[in-house]
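*Asks:* Can you keep this structure in mind? I'll have questions shortly.
Here, each number is a calculation from the coordinates, and none is a lab measurement. Quick caveat, the model's predicted, so the values are computed rather than measured. Every residue, glycine as well, gets a Cβ built from its backbone with ideal geometry; the counts of neighbours run over all protein chains shown.
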Amino acid sequence: MKIRASIVLAVFLTALTSTPSTFLRAQERIEKSSKAFVSDLTVTNVRTLNDGNSLNSQKNLRFYRDADGSTRLEAGSRVTIIDKKAKKLYILNLENRTAQELDAPQISAPNGVTRKRNLSLNSLDITIRLPDEALNPAPKPLPPITIEGFTANGRELSSTLPAHSATGNERPITRTVQTWHSRDLNLPLKTVISDPIGGTTTSIYKNIKVESSLDRSLFSIPPGFIVRYGTQSRVIHAQAEATP
C-alpha cells in the first residue's frame with residue numbers, strides 16, 4: 001500500500017509523529033526558481049482512543065531553504081541538512097557535536113541501471129506500505145487557502161486497505177492526505193494526514209520570511225564536529241529501493 005503526499009517537513013516524520021510504520025522517501029521536486037526563505041514549522045498529532053480519550057503532541061521546528069534547494073531543519077539538538085550542491089545529507093547532534101554524512105541514495109531503475117536521486121527536504125513523499133492497499137486514482141481538488149499571505153492550492157489523495165488483508169484488519173481502512181501547495185514558494189504550506197491508526201497529523205509553515213539568499217554555512221557541517229561517514233543508512237537505502 002502507498003500513500004504519497006508532497007509534504008515539507010523534516011526528513012524523518014516517523015520520529016516526529018511517533019508512528020514507526022511510516023516510511024519516507026525524499027524526492028527532488030525543487031525548481032531552479034525556488035525562493036530562499038526561513039520559517040517556523042509546526043507539526044501536531046492527535047490520536048483518539050476507543051474510550052474517547054485523546055493523545056496530543058506538538059513539535060515546533062525551524063526550517064531553512066536556500067535558492068538552490070538546499071535545506072536545513074532544526075528539531076531541538078538534532079539538525080538535518082540536505083546540501084543540494086554537494087548531494088549530501090548531514091545529520092548533526094548539537095549536544096555532543098557529532099555529524100553523520102551520507103551520500104544521496106542510489107536507486108535501481110527498472111532496467112537495472114543505478115541512478116542517483118537528489119535528496120530534498122523541500123518536498124517529501126510519505127509512503128506508508130501495507131499489503132493489498134489501493135491508491136484511489138483521482139486526486140480531489142480542495143478550495144485554495146491563504147497562509148502567511150501566500151495562496152495555496154489544495155488537493156486530497158486517499159487510499160483504501162481492503163478488509164481481511166494481510167495486515168489483519170476486519171474492515172476497510174481509508175487514509176487521506178490533504179496538501180495545500182504554494183506555487184510562489186514551490187512549497188506545500190499545509191499538510192493534513194488522517195488515518196485510523198496514526199491519527200491526524202498536521203504540518204503548517206508559519207512566520208515565513210523570504211530572503212535573497214541564506215548563509216551557506218547553514219547547509220554544511222560546522223567546524224570542530226566529529227564526522228562519521230557512510231553511503232546510506234539502512235532506512236534510507238530500504239526506502240530508496242522500495243520506490244519505483
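*Asks:* Using Cα pairs under 8 angstrom and six or more residues apart, how large is the relative contact order of segment 40-84, in percent?
*Replies:* Relative contact order for segment 40-84 comes out at 28 percent.
*Asks:* Over all distinct Cα pairs, what is the inverse of the mean 1/r for segment 137-230, reported as the Kirkwood hydrodynamic radius in Å?
*Replies:* 16.8 Å is the Kirkwood radius here.
*Asks:* If neighbour count is taken as other Cβ atoms inside 10 Å, put 57, 70 in order from fewest to most.
*Replies:* Placing the least packed residue first, the sequence is 57, 70.
*Asks:* Further question: Taking amide H positions as placed in the peptide plane 1.01 Å from N, state which residues far from residue 173 in sequence (5 or more) or on other chains have amide H under 5 Å from it.
*Replies:* Placed amide hydrogens put 161 under 5 Å from residue 173.
*Asks:* What is the set of long-range amide H partners of residue 190 at a cut-off below 5 Å, with H atoms built 1.01 Å from backbone N?
*Replies:* 180
*Asks:* Quick one: which residues, 5 or more positions from residue 211 or on another chain, have an amide H under 5 Å from its amide H? H modelled 1.01 Å from N in the peptide plane, none for Pro or chain starts.
*Replies:* 36, 37, 38
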